[in-house]
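Data block below; observations after.
Each reported figure results from applying straightforward, stated rules to the coordinates on display, with no laboratory input. If you're wondering where the values come from, they're calculated on a predicted model, not measured in any experiment. As a convention, Cβ positions derive from the backbone with ideal geometry for all residues, glycine included, and neighbour counts pool all protein chains shown.
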Amino acid sequence: MVNKILIANRGEIAIRIMRACREMGIASVAVYSEADKEALFTKYADEAYCIGPPPATASYLNIPKMIEAAKERRADAIHPGYGFLAENPKFALACEDEGIKFIGPSSEVLALMGDKVGARRKMIQAGVPVVPGTDECVAELGHARDRANEIGYPVILKPSGGGGGIGLTIVANERELENALKSTQAIATTTFGLGDVYLEKYLPNPRHIEFQILGDSKGNAIHLGERECSIQRRHQKLIEESPSVEVTPVMRAKMGEIAANAARFVGYQGAGTMEFLFSDGRFYFLEVNARIQVEHPVTEMVTGIDIVKEQIRIASGFPLSIRQEQVGINGWSIECRINAEDPLDDFAPSPGKLKDYRSPGGMGVRVDSGVYSHYSIPPFYDPMISKLVSWGKDRNEAIERMRRALYEYVIVGVKTNIPFHRAVMENPRYVEGELETGFIDRETGLLDDMKRIVEQGDSLSERLPQPFSEKKKIAAIAAVAAVTQMRRG
Ligand code: MV4
């Protein structure tokens, strides 16, 4: 097994990885930016190393600095977490060149999966069902027009160097194609440095369902079932669950086998996700996420498998610790991403100091977080406070536990999206499992539900003494004003 892992990431995922290290007796090295000196992950690690100023480009995205830190601290492996350098083939290659184990797929596989149209081609070869579309890029209008006519409108233009939703353009008819092609190519060039775009049939309002896969260096690959990730806002996932109400055991076995076969076909090593759109009872491959994902805990809760430990074992050259027949799905798990943002102000970020903080607990509740009471959430990175994860024997119990946990959560000092999560957990369509990617846009009543939830003030937070509460401040000002009035009168 590796001896010392440098975690090239920050926040909750850095701690998630360090927890696995601690249980496995592996030393951990945190690298932190100047903005993260007081962050929990910096304190949690066995060692900490400052890699530069707050902007990510100067710190968490700085490949030479990461390698320098690993060599200086004699780390024999690097875990990249998610985001930042996690799927950067140059980073994996730099690790490989220095004899440091990159905890993830090889640089070749990362490069292949990062090229979305190349990944599509490869998946077609592996027998994976894909959305009807082009298996090469479309550069000229004439070519795009011919292919779009074959596919049939509406179509969607996607940057090949992208992923995750940036630069997607829905094209309703041929008249729109010319402008759409130009603008998508321009966006692709500016954001990904590559103007390549490809075409797919546009599926209206699909569900987003993804399969977790694990592949080792011995050629074994298995799947850990699916996650339903349809509750998204502007391509940001907010709620995920496993399993999906839409997937029967027969479908799970069939799609899971297709996913695992595809992993084996490309020589996939480590943990990964195959994203699918689910529409009209069918799965269509979208892309591979070649990293540990934010939402991995829901899979861990229902399978009992520690995905980060498996990643570390795989990178150390060990075979997978479980066979496919040993993987079972037990109960139901839901994750709510708790963000420092104001859901009543178009989800505007709300970084700042946590004047008070107490996370929920009790049976079937897991909180993965990188904060503590009196910690200041820096404005430089994503505003996630924690991942609140519930587990229950069935979906209903997982929802009940999530509602109860959201009631218990005390976060004072910043605005959070907890009212949004409470509104969804009581939404009749959500409770019925009627989820699609258009859920938030379609459920126009959510805003009023959130307002009501905020006004009702039915939370544990409201019942605890709150030295900094806004309500008390207002009451104090009113009292002073009343006294002043009396004196005047
Ligand atoms: C699509 C699609 C419809 N048809 N592709 C958005 C994220 C990126 N990974 C792919 N996305 C989509 N691709 C075809 N052919 C609709 C979306 C999409 C979406 C997908 C998943 C979750 C939320 C979404 C919100 C809008 C659009």
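A straight Cα-to-Cα reach below 25 Å connects Lys309 with the lysines Lys4, Lys43, Lys71, Lys90, Lys101, Lys218, Lys237, Lys387, Lys393, residues fewer than 8 places away in its own chain not being considered. Ignoring lysines fewer than eight residues from Lys182 along the same chain, the ones with Cα atoms less than 28 angstrom from its Cα are Lys116, Lys122, Lys158, Lys201. So the label point goes 7 Å from the Cα of Asp345 along Cα→C-beta, right? Which residues of segment 379-401 then have their backbone N under 19 Å from it? Under cut-off, by backbone N: 379-385.
The gain in end-to-end length when the Val431 to Leu460 segment is fully stretched comes to 8.1 nm, 0.36 nm per residue minus the alpha carbon separation. Taking the Cα centre of the chain as origin and assigning +1 to Lys and Arg Cβ atoms and -1 to Asp and Glu Cβ atoms, the resulting dipole is close to 1280 debye. Extending 7 Å from the Cα toward the beta-carbon at both Ile322 and Arg19 defines two label points whose distance is 1.7 nm. Under the combined filter of DSSP loop state and at most 13 neighbouring Cβ atoms within 10 Å, segment 366-436 retains these trypsin sites (Lys or Arg not before Pro): Lys393. Sorting His235, His421 from the fewest to the most surrounding beta carbons within 10 angstrom yields His235, His421. Principal-axis analysis of the Cα atoms of the chain puts helix 470-488 at an angle of about 30° to the longest axis. Principal-axis analysis of the Cα atoms of the chain puts helix 249-266 at an angle of about 60° to the longest axis.
Here the scattering of segment 335-428 is modelled by Debye summation over its C-alpha atoms, one equal scatterer each and no solvent; at q = 0.14, 0.21, 0.23, 0.24 Å⁻¹ the log10 of I(q)/I(0) is -0.48, -1.02, -1.18, -1.25. Around the amide H of Gly270, modelled in the peptide plane, lie the amide H atoms of Gly215, Asp216, all under 5 Å away and 5 or more residues distant in sequence or on another chain. Across all Cα pairs in the chain, the calculated P(r) in 10 Å bins from zero up to the longest distance comes to 4, 18, 28, 27, 16, 5, 2, 1, 0 percent per bin. Annotation note: chymotrypsin sites (Phe, Trp or Tyr not before Pro) in segment 387-489 located in DSSP loop regions with a Cβ neighbour count of at most 15 within 10 Å are Phe468. Each helix, a run of at least 4 DSSP H residues, gives -39500 (n - 2.57); summed and divided by the residues of the chain, these come to -11500 deg cm²/dmol at 222 nm. Listing Ile78, Ile377 from fewest to most neighbouring C-beta atoms within 10 Å gives Ile377, Ile78.
Annotation: amide H of Ile385 within the under-5 Å range of Ile338, Asn339, Ala340, sequence separation 5 or more or interchain, hydrogens built in the peptide plane. Backbone geometry of segment 231-236 corresponds, through the Karplus equation with coefficients 6.51, -1.76 and 1.60 at θ = phi - 60°, to 3J(HN,Hα) couplings of 7, 10, 9, 6, 6, 9 Hz, x marking Gly and Pro.
If R₀ is 30 angstrom, what is the calculated FRET efficiency for the pair Asp146 and Gln125, using the beta carbon separation as r and rounding to 0.05?
That gives a FRET efficiency of 0.80.
In this simple spin-label approximation, Ser376 and Thr248 carry label points 7 Å from Cα along the Cα→Cβ vector, and these lie 5.7 nm apart. Going from the fewest other Cβ atoms within 10 Å to the most, the residues Glu72, Glu275, Glu87 appear in the order Glu72, Glu275, Glu87. When the convex hull of its Cα atoms is viewed from all sides, segment 113-220 shows a mean projected area of 7.6 nm². Within the shell defined by Cβ-Cβ distances under 13 Å, the residues around Arg145 carry a net charge of -4, with Lys and Arg each +1 and Asp and Glu each -1.
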